[in-house]
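Since the structure comes first, as structure tokens, the remarks are kept for the end.
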Amino acid sequence: MLLNIKHFLDLKSLSCDEIHYILNSAQKMKYTIESNKFTTTPLLKGKTVATLYYEEQSRSRLSFELAAQNLNAKVINLTTSKELYRGESLKDLGRSVDQIGADFIVIRHPLSGGPHYLTKYVNASVINAGDGRNENPSQSLVDLLSIYEIKNKFKGLKVAIIGDIMHNRVARSNIWGLTKLGAKVRIAGPPTLIPSNLGDNVEVHNNTTEAIIDADVIMTLKIQNERQEDNLLPSINEYMRLFKLDVNRLQYAKKDVIVMHPGPINRGIEISSEVIDGDNSIINRQQINGVAVRMALFHVLSKCGVNFNV
């Protein structure tokens with residue numbers, strides 16, 4: 001089978017084999033990190049990675065930059081460049097970055113489809129670090145790897161995703177990835193924050209307890225104050241009463257359930273501190289896996305067209 005991916009834009013267009021291959025590569029990268037904590041590997045020596053962020057989000061950017069540095073690549077950070085705010089088009093800015101020799105462009109853009117548009121005008125490999133409300137596929141891979149390390153499978157797992165599905169691009173990527181890999185996805189949240197186009201393979205619940213009964217995995221999502229200002233929530237207190245994951249609700253899931261949150265977390269709002277710091281939480285594992293997954297993405301894209309076995 002041939003892996004032929006020049007750009008990494010979404011999970012929707014990837015096959016199960018391609019997703020598994022990237023996850024397998026990430027496991028190898030994680031082993032490399034753990035075995036060589038103070039050294040780099042020369043897989044991207046001589047390559048240049050440009051991070052182009054239109055939205056401030058330091059955790060994701062730092063994860064990509066550390067991944068690139070671990071592979072011995074040169075990193076150009078354009079996140080704070082004033083050019084992003086002078087009205088220069090994405091097309092022209094992308095071409096400029098391309099012409100200075102970038103081999104990879106990691107982009108976070110406020111408009112859905114921004115990274116896809118950029119691929120038309122650059123020779124570099126484009127990695128989508130989040131586009132509008134569409135997807136955040138690299139964070140989804142982090143979540144998938146974290147699940148697989150514990151459960152050793154996806155098929156048949158009951159996964160509950162709780163919170164603001166409408167505005168959360170990680171949730172959309174996870175829904176695509178998990179359903180494609182055979183998991184049974186349930187979602188719960190305020191009706192005003194649940195989109196209508198989730199597909200036939202997703203169960204929608206307005207009641208949190210119903211969604212997490214016998215769940216193998218529970219993922220909570222950040223709720224933002226803007227949703228209350230937009231009249232999409234009656235109040236944060238009301239959201240907490242109906243949808244916060246606490247130790248009482250957790251009892252309805254399986255005993256070996258794993259609890260996740262892609263971050264950043266509002267402690268005590270979408271999830272209680274007891275659950276965050278409890279034995280079922282793998283939130284710290286998600287953070288550790290972030291660098292390994294992004295190292296794998298750089299490596300896979302740099303080997304576009306290689307043969308692989310899954």
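The values are calculated or read from the model by the stated rules, or taken from the named source; none is laboratory data. Everything quoted here is computed from the prediction, not taken from an experiment. Backbone-built Cβ (ideal geometry, glycine too); neighbour counts: all protein chains shown. Ligands, DNA and RNA are stripped out before the accessible areas are found, and what is left, the full protein with its side chains, is counted by its heavy atoms. Shrake-Rupley method; radii C 1.70, N 1.55, O 1.52, S 1.80 Å.
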Glu238 versus Arg267, label points 7 Å from Cα toward the beta carbon: distance in nm?
2.8
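From the Cα gyration tensor of segment 140-298, with a ≥ b ≥ c the square roots of its eigenvalues, which class applies: rounded if a/c is under 1.5, or else prolate if a/b is larger than b/c, or else oblate? If you can, show how the numbers build up before the last one.
Working: a/c = 1.37, a/b = 1.31, b/c = 1.04.
It comes out rounded by the Cα gyration axes.
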Subtracting the Cα-Cα distance of Glu203 and Asp256 from 0.36 nm times their residue separation yields 16.9 nm
Could you please state, rounded to a whole Å, how far the C-alpha centre of segment 201-217 is from the C-alpha centre of segment 152-191?
10
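Ignoring everything except DSSP H segments at least 4 long, calculate the 222 nm mean residue ellipticity for the chain; use -39,500 (n - 2.57) per segment, divide by total residues, nearest 500.
Computed mean residue ellipticity for the chain: -11500 deg cm²/dmol.
Just check the chain against the gyration tensor rule for me: Cα atoms, a ≥ b ≥ c as the square roots of the eigenvalues, rounded for a/c under 1.5, and otherwise prolate or oblate depending on whether a/b exceeds b/c.
It is prolate, given that a/c is not under 1.5 and a/b is the larger ratio.
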The ³J(HN,Hα) series, computed from each phi in segment 202-219 with the Karplus coefficients 6.51, -1.76 and 1.60 at θ = phi - 60°, rounded to the nearest Hz and given as x for glycine or proline, is 10, 8, 10, 10, 8, 10, 4, 4, 4, 5, 9, 4, 6, 6, 8, 9, 10, 10
Enumerate the calculated ³J(HN,Hα) couplings along segment 265-281 in order (Karplus 6.51 cos²θ - 1.76 cosθ + 1.60, θ = phi - 60°), each rounded to whole Hz, writing x wherever the residue is Gly or Pro.
9, 9, 4, x, 9, 8, 7, 7, 4, 4, 6, 4, 9, x, 5, 7, 6
How would you rank 188-201, 119-132, highest first, on the average number of other Cβ atoms within 10 Å across their residues?
119-132, 188-201
Relative contact order (percent) for segment 117-180, with alpha-carbon contacts under 8 angstrom and 6 or more residues of separation?
40
Write down the percent of antiparallel bridges among all DSSP beta bridges whose residues are both part of the chain, to the nearest 5.
5
I want to check the label-to-label distance for Tyr31 and Lys91. Put each point 7 Å from Cα in the C-beta direction and report it in nm to one decimal.
4.6
With every protein chain present, what is the per residue accessible area of the chain (1.4 Å probe, Å²)?
46
Among the helices of the chain (complete DSSP H runs), which have Cα atoms covering no less than 27 Å along the helix axis and a Kyte-Doolittle mean of at least -1.0?
16-35, 283-302
Qualifying lysines (Cα of each under 27 Å from Cα of Lys255; at least 8 residues distant if same chain)
Lys151, Lys153, Lys155, Lys158, Lys180, Lys184, Lys222, Lys244
Ordered by packing density, taken as the mean number of other Cβ atoms within 10 Å over each peptide's residues, highest first, how do 175-182, 103-110, 43-50 rank?
103-110, 175-182, 43-50
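For an R0 of 25 angstrom, estimate the FRET efficiency from the Cβ-Cβ distance between Gln99 and Cys304 and round to the nearest 0.05.
Efficiency, rounded to the nearest 0.05: 0.75.
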Quick check: at a probe of 1.4 Å, how many percent of the accessible area of segment 75-195 sits on carbon and sulfur atoms?
48
Taking a ≥ b ≥ c as the square roots of the eigenvalues of the Cα gyration tensor of segment 101-166, is the shape rounded (a/c under 1.5), prolate (a/b larger than b/c) or oblate?
oblate
Amide H to amide H, which residues 5 or more places from His205 or on other chains are under 5 Å from it, using H placed in the peptide plane?
Ile187, Ala188, Gly189
